[in-house]
Amino acid sequence: MQFSVRQLAEQAGGTVVGEDRVIISGIASLAEACPGQIAFFADPRYRGGLKTTKASAILIAEPSAEFQGSQVIVRNPALAYAKVASLFAPAPRVVGVSEKAFVSESAVIGANASIYPLAYIGEKAVLGDNVILFPGVFIGDRVKIGNNTVLYPNVSVMNDCVIGNEVIIHAGTVIGSDGFGFLRDGSVNVKIPQLGIVQIDDLVEIGANSCVDRAALGKTWIQRGVKTDNMVQIAHNVVIGEDTVIVAQAAVGGSVSIGNQVVIGGQAAIRDHLRVEDRAMIGSQSGVAKSLGAGEIVSGSPAIPHRLWLKTSALIPQLPDLVARLRRLEKRLDDLEKRGTR
Amino acid sequence: MQFSVRQLAEQAGGTVVGEDRVIISGIASLAEACPGQIAFFADPRYRGGLKTTKASAILIAEPSAEFQGSQVIVRNPALAYAKVASLFAPAPRVVGVSEKAFVSESAVIGANASIYPLAYIGEKAVLGDNVILFPGVFIGDRVKIGNNTVLYPNVSVMNDCVIGNEVIIHAGTVIGSDGFGFLRDGSVNVKIPQLGIVQIDDLVEIGANSCVDRAALGKTWIQRGVKTDNMVQIAHNVVIGEDTVIVAQAAVGGSVSIGNQVVIGGQAAIRDHLRVEDRAMIGSQSGVAKSLGAGEIVSGSPAIPHRLWLKTSALIPQLPDLVARLRRLEKRLDDLEKRGTR
Amino acid sequence: MQFSVRQLAEQAGGTVVGEDRVIISGIASLAEACPGQIAFFADPRYRGGLKTTKASAILIAEPSAEFQGSQVIVRNPALAYAKVASLFAPAPRVVGVSEKAFVSESAVIGANASIYPLAYIGEKAVLGDNVILFPGVFIGDRVKIGNNTVLYPNVSVMNDCVIGNEVIIHAGTVIGSDGFGFLRDGSVNVKIPQLGIVQIDDLVEIGANSCVDRAALGKTWIQRGVKTDNMVQIAHNVVIGEDTVIVAQAAVGGSVSIGNQVVIGGQAAIRDHLRVEDRAMIGSQSGVAKSLGAGEIVSGSPAIPHRLWLKTSALIPQLPDLVARLRRLEKRLDDLEKRGTR
């Protein structure tokens, strides 16, 4: 893959200072770029790299006298980097429908799909155009998948689930396993059958080895543009609003409703049945035990307002000190009172 | 699937008020039920739904004048719902032994087993009647599996492990991977070979993408009726007693012994070698660092009695305030002492 | 497998007291050993077992009059046990290259490799001698794997990743999934393409259902001898130094650099971009929010020095008491002041 600096500037929405016909064949950091590659300058800590980099071109917010090659001037160099890098990202290899895949006769597969060897497609499944299923993918009966969606190796999509367009699901993830619902009958746990589905909307990306459980009734619903990291647990009947981001190993409890553009930190947990409104932010390792309003920022377990948590978590290491101060106070007061009664 | 209200009442162990020959073809919540479906009323917050629901029948604890259809009167509507829903839960599709599965010649497979395409069965494995192995399941050499057990896609059961009857293991779970045992020899970690097995007894259900490690010696043992959620970690040589419940992303350390009917919350962790007695309850995100007696209820990391944890976790946000009170006390005492010495 | 006590003593680097020609066919704990097996005595709590065990031989630090069989005297009985047990550990069964595996024509496979049925090997992948790939393993295009490496069932190694010699990767683990990198553009999250790889060096062992993400640029790098437990998350661009140990469900954030022989406890998390120097130790469930120097020992979330954490976590349950003492002080001071002003 090769592009001129001018083409890359167009992709990034920027303008070129210097030669724009230079051919670029890759993207790298300032420190690691070779001649023929484009780098980016977003973090002022790496300013020294502008002089020493071997990159032939750079994405940068303002022209710099320190860099000798072509400069693509962009408002947001990090974002420009993401856009330019997408040109150099290799698309998954297209393989057609392998004879070594298992495809049920009643399944319907769109144009230009790539079904790798050792993938499995159940009965009456319907797959859109350009879908890519890697080896070891399981598609249950009656599953529906939109166009341009990629499922990496060993992903399991259980019966009846629905996945939209341009969705990416990374390796080992399970969509539509049973929600965890049991009722005690004496000492025994009686299973509550999980009769619902999972619906994943367009442009969602789900990390590796994650779980999204099917609903008890109705659906577990991951809305447009949600991005989740690896090993995230989404319980039954959860709704996650558009463009929400969930970092690795976080858990969302059953029937939780999450708004749009929420950010959930790594290893955080949200208790069953809560509501988290738009743009709330939940710190890593937090335990959310109450519903959160729009834009609320919380941390800690149980979670409290983030600013308060900053203060309290700074005070906790001072506890031995505070206890000593308390003890001294008691002593002084004892002395004072003794004197007073003398 | 269709049942009369009378049939459903028998299944639920209830009695019918109103017409009992109405035919029911599904189960749903009050809000989402359509004509021809049965709903359930268990949570008084949804009382309003009794009037507005379109359900043709209802599971309810006491006859209600607000609902117009057939009423099935049961002691525990939620439990009745679980039992009735099980009638409408689709059983996994039976497929026989697929020619596209790999079955070792020395493996023994019971009657009516469903071995899906792309499942693998190792040498001398013995599978009971009605076993269902989905695509991507790996059954190691000499593994034994009882009757009516279902292994969902991409489950791996390593050599020599033993699984009982009516067990359900959800997709992506690994049974019998090596326990995490190393010894330092200078700077190097020497592997302690893991020579034991995992034994899973009847009626156990294990969530998706979980791990149950084989014992170093002897067995890791999951006893009858245990239910675990997704991404749960069970280390080597653990014993988990009957009907214990473990919520998502919890971890049980090596050689821990857990009693019957214990409840372990999500993301909780139990340190190596501890004992947790019957009916103990461990709050989510707890870190259990000491053995627990029968019926103990703990929370926090490190875990403390739950009631104490409720108090302390309410006081932690007050720490800045407490420090201010302490400072004021010191100031007042300084003033008093100065006055006293004057 | 059978060995004389003399052979076992050589393996353990010890000397025999008593008969050294006794034939041993297995290893077990003192309590569970049968005649013909060797046991070990490392933990003084089990001293009673020396008299009652049925083992024919024992690994022990000093000769004991309580045990009647052959005694192998070793400096470190636990380590000796690990070494002797390795003789009894069954090697994975060798199967050659199965015709039911999918091997791309351009892939290169070393001598004596075992490619189980239903494994997949992508284009231009290069595998060393004696490599073992279990069913459901996915090897992406251009992946390189060294000699004597074992990949258990349903492991996915994505395109271009590099794995060394004598590496063990347990079932369900994903190597080289995309790092979690997004940039907000208005309300939308733009994907930062993950163009780097994962490199895993010799003698690494990675637990089941774990994730090691590929780098955004450059490589995520797991160095020689690292051992990780199950469900561990290693984010993009992380470097983990030699012989470091990571316990189950821990998470290492993006671009974190970890030194040699570090120990990371279960469910701990390390924030993006930090440095953890050699031999640091991180307690379980800790949240590391600052870089750590060599040999530092921390616990808690946010993490603080371990000794301080021991003190503070002992004081937290006393908070209700401390508040009561504070209140009494205030009351006494009120009284004193009133008296003073009278």
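Which one is nearest to C:Asn237 (Cα to Cα), of the residues in region C:146-163 that are more than 12 Å from chain A (Cβ to nearest Cβ) and open to solvent by 10 Å² or more (accessible area, probe 1.4 Å)?
Among those residues, the one meeting the criterion is C:Val162.
Got a number for residues in region C:128-145 being part of a strand (DSSP E or B) and crowded, with 24+ Cβ neighbours inside 10 Å?
The number of residues fulfilling the criteria is 4.
C:Phe138 is checked against (1) of a type outside the set (A, V, I, L, M); (2) in contact (Cβ under 8 Å) with a residue 24 or more places away in the chain; (3) within 12 Å of another protein chain (Cβ to nearest Cβ) and fails just one. What number does that condition carry?
All conditions are met except number (2).
Going by the conditions given, is A:Leu8 over 28 Å from the mean Cα position of the chain (by Cα), surrounded by 16 or more Cβ atoms within 10 Å (Cβ to Cβ) and in a helix (DSSP H, G or I)? Break it down into steps so the answer makes sense when it comes.
Values: over 28 Å from the mean Cα position of the chain (by Cα): no; surrounded by 16 or more Cβ atoms within 10 Å (Cβ to Cβ): yes; in a helix (DSSP H, G or I): yes.
Criteria not met by A:Leu8.
Quick one: which of B:Val323, B:Val239, B:Val298 is under 26 Å from B:Ser177 (Cβ atoms) and either open to solvent by 50 Å² or more (accessible area, probe 1.4 Å) or among the aliphatic types (A, V, I, L, M) (or both)?
Exactly one of B:Val323, B:Val239, B:Val298 is under 26 Å from B:Ser177 (Cβ atoms) and either open to solvent by 50 Å² or more (accessible area, probe 1.4 Å) or among the aliphatic types (A, V, I, L, M) (or both), namely B:Val239.
When you scan region A:125-132, do you find a residue that is at pLDDT 95 or above and either within 23 Å of B:Asn230 (Cβ to Cβ) or within 8 Å of another protein chain (Cβ to nearest Cβ) (or both), even just one?
no
Residues A:Leu274, A:Leu319, A:Leu292: which one is free of Cβ contacts under 8 Å to residues at least 40 places away in the same chain, at the interface with another protein chain (Cβ under 10 Å from one of its Cβ atoms) and on the phi < 0 side of the Ramachandran plot?
It is A:Leu319.
Give me the residue from region A:81-122 that is among the hydroxyl-bearing types (Ser, Thr, Tyr) and open to solvent by less than 20 Å² (accessible area, probe 1.4 Å) and, out of that set, farthest from the other protein chains (Cβ to nearest Cβ).
Looking only at region A:81-122, we keep the residues that are among the hydroxyl-bearing types (Ser, Thr, Tyr), and these are A:81, A:86, A:98, A:104, A:106, A:114, A:116, A:120.
After this cut, where a residue has to be open to solvent by less than 20 Å² (accessible area, probe 1.4 Å) as well, the list is A:81, A:104, A:114, A:116, A:120.
Numbers: A:Tyr81: 7, A:Ser104: 9, A:Ser114: 13, A:Tyr116: 7, A:Tyr120: 4 Å.
Result: A:Ser114.
Counting just the residues of region B:40-78 that are open to solvent by less than 20 Å² (accessible area, probe 1.4 Å), without any contact (Cβ under 8 Å) to a residue 60 or more places away in the chain and not in a loop (DSSP other than H, G, I, E, B), which one comes out nearest to A:Ile192 (Cα to Cα)?
B:Pro77
Among the listed residues C:Gln223, C:Gln233, which satisfies the condition of being in contact with a Cys (Cβ under 6 Å, 6 or more places away or on another chain) and either of a type outside the set (Gly, Ala, Ser) or not assigned by TED's automatic domain parsing to the domain that holds C:Gly176 (or both)?
Within the list C:Gln223, C:Gln233, the selection yields C:Gln233.
Of the conditions (1) at pLDDT below 95; (2) in contact with a strand residue (DSSP E or B) (Cβ under 7 Å, 6 or more places away or on another chain), A:Pro117 clears all except one; give me its number.
(1)
One line per residue, one yes/no per condition, for (1) part of a strand (DSSP E or B); (2) of a type in the set (A, V, I, L, M, F, W, C); (3) more than 11 Å from chain A (Cβ to nearest Cβ):
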| residue | (1), (2), (3) |
| --- | --- |
| B:Met231 | no, yes, no |
| B:His236 | no, no, yes |
| B:Asn260 | no, no, no |
| B:Gly266 | no, no, no |
| B:Asp278 | no, no, no |
| B:Ser284 | no, no, no |
| B:Leu308 | no, yes, yes |
| B:Leu315 | no, yes, no |
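Could you count how many residues in region A:35-67 are within 14 Å of A:Ile23 (Cα to Cα), among the hydroxyl-bearing types (Ser, Thr, Tyr) and out of contact with any Cys (no Cβ under 9 Å at 6 or more places or on another chain)?
Looking only at that region, the number is 0.
Please indicate, with yes or no, whether at least one residue in region A:165-177 is part of a strand (DSSP E or B), within 19 Å of B:Val232 (Cβ to Cβ) and more than 7 Å from chain B (Cβ to nearest Cβ).
Yes: one or more hits.
Give the residue that is nearest to the other protein chains (Cβ to nearest Cβ), with candidates limited to residues of region B:192-229 that are out of contact with any Gly (no Cβ under 7 Å at 6 or more places or on another chain) and among the charged types (D, E, K, R).
Among those that are out of contact with any Gly (no Cβ under 7 Å at 6 or more places or on another chain) and among the charged types (D, E, K, R), it is B:Lys227.
The values are calculated or read from the model by the stated rules, or taken from the named source; none is laboratory data. Keep in mind that this is a model prediction, so the values were computed, not measured. Cβ coordinates were reconstructed from backbone atoms using ideal geometry, including for glycine residues, and neighbour counts include every protein chain displayed. Surface areas here come from the heavy atoms of the whole protein model, side chains and all, with no ligands, DNA or RNA. Shrake-Rupley method; radii C 1.70, N 1.55, O 1.52, S 1.80 Å.
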